[in-house]
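S.K.: One structure coming up, written as structure tokens, with questions to follow.
Taken together, the values in this text are just the output of simple stated rules run on the coordinates, not laboratory data. If you're wondering where the values come from, they're calculated on a predicted model, not measured in any experiment. Here Cβ is always computed from backbone atoms with ideal geometry, including for glycine, and neighbour counts include all displayed protein chains.
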Amino acid sequence: MDECDLPVLAKGLCVKHYKRLRRYGDPLIFKRIQKYPIGARCAVEGCDRKVKGRGFCRLHLDRQREYGDPGPAGNINSKREKRSLSPGRTVTPSGYISIWQPDRKKYAMEHRLIMEAELGRPLEAFESVHHINGVKDDNRMENLEIWTGLGAQPKGQRVADLVAFVVGHYPNEVRAALARQP
């Protein structure tokens, strides 16, 4: 190719034109293959954004990849989306319940608010609230305890707490399991 400044490699063609020859049969053809027509819109009902891949816009494509579901139309003004339970009360992707605090103009975790009300004071930065039974949306006071420490708290529950919960809530299943033991 006379007008190409790239070095000649095979059949008198540069790499770019040689690939075009192999792919399309002509080194001068430039074809852009589009899976979706120009101006195609997201497959989610009510979303009018342009398609980026798999029939979805970037927002719904990301949701599909992360959660296995593109979710509803519209943008949720948060990097981490929240599922609404009622006005001002949502469930975070990690499973905790958060409540809108108009005076603070932000969401606060319900379990922390319950512990603050019980203590009669705001929690300190080094204090965290632990769910004894490991159920993140079970915010009964008897299921919450305060932990202190500057490091991250371990995930899960203490074995003794877990055993006590199972025995207390599922005594028939525990008896049946013990009866099956040799």
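S.K.: Residue by residue through the stretch 55-68, what is 3J(HN,Hα) from phi via Karplus (6.51 cos²θ - 1.76 cosθ + 1.60, θ = phi - 60°)? Round to whole Hz and write x for glycine and proline.
M.R.: These are the phi-based 3J(HN,Hα) values: x, 10, 6, 4, 4, 6, 5, 5, 4, 4, 5, 7, 10, x Hz.
S.K.: Here is a further query. Can you sort Ile38, Ile114, Ile29 from fewest to most other Cβ atoms within 10 Å of each residue's own Cβ?
M.R.: Ranked by crowding around the Cβ, least crowded first: Ile38, Ile29, Ile114.
S.K.: Can you work out ³J(HN,Hα) from phi for every residue in the stretch 158-170, in order, using Karplus 6.51 cos²θ - 1.76 cosθ + 1.60 and θ = phi - 60°, giving whole Hz and x for Gly and Pro?
M.R.: Karplus values, whole Hz, x for Gly and Pro: 5, 4, 4, 5, 5, 4, 4, 5, 5, 5, x, 9, 10.
S.K.: How far apart, in nm, are two points set 7 Å out from the Cα along the Cα-to-Cβ line at Arg58 and at Ala73?
M.R.: 2.0 nm
S.K.: Something else: For the stretch 83-180, with equal point scatterers placed on the C-alpha atoms only and solvent neglected, what are the log10 I(q)/I(0) values from the Debye formula at q = 0.11, 0.16, 0.21, 0.22 1/Å, to two decimals?
M.R.: -0.42, -0.79, -1.14, -1.21
S.K.: Once the dipole of the stretch 83-180 is set up with Lys and Arg at +1 and Asp and Glu at -1 on Cβ about the Cα centre, which of His131, Pro93, Leu162 lies farthest towards its positive end?
M.R.: Checked the options; the winner is Pro93.
S.K.: Show me, for the stretch 103-111, the HN-Hα J-couplings you get by feeding each phi into the Karplus relation (A = 6.51, B = -1.76, C = 1.60, θ = phi - 60°), rounded to Hz, glycine and proline as x.
M.R.: Result, rounded to whole Hz: 5, 8, 6, 6, 7, 10, 5, 4, 4.
S.K.: Let me check I've understood the local charge: for Arg121, count other residues with C-beta under 15 angstrom from its C-beta, Lys and Arg +1, Asp and Glu -1. What total comes out?
M.R.: -3
S.K.: Pulled fully out, how much extra length does the chain show between Arg104 and Arg175, if you take 0.36 nm times their separation in residues and subtract their Cα-Cα distance?
M.R.: Contour length minus Cα-Cα distance gives 20.6 nm.
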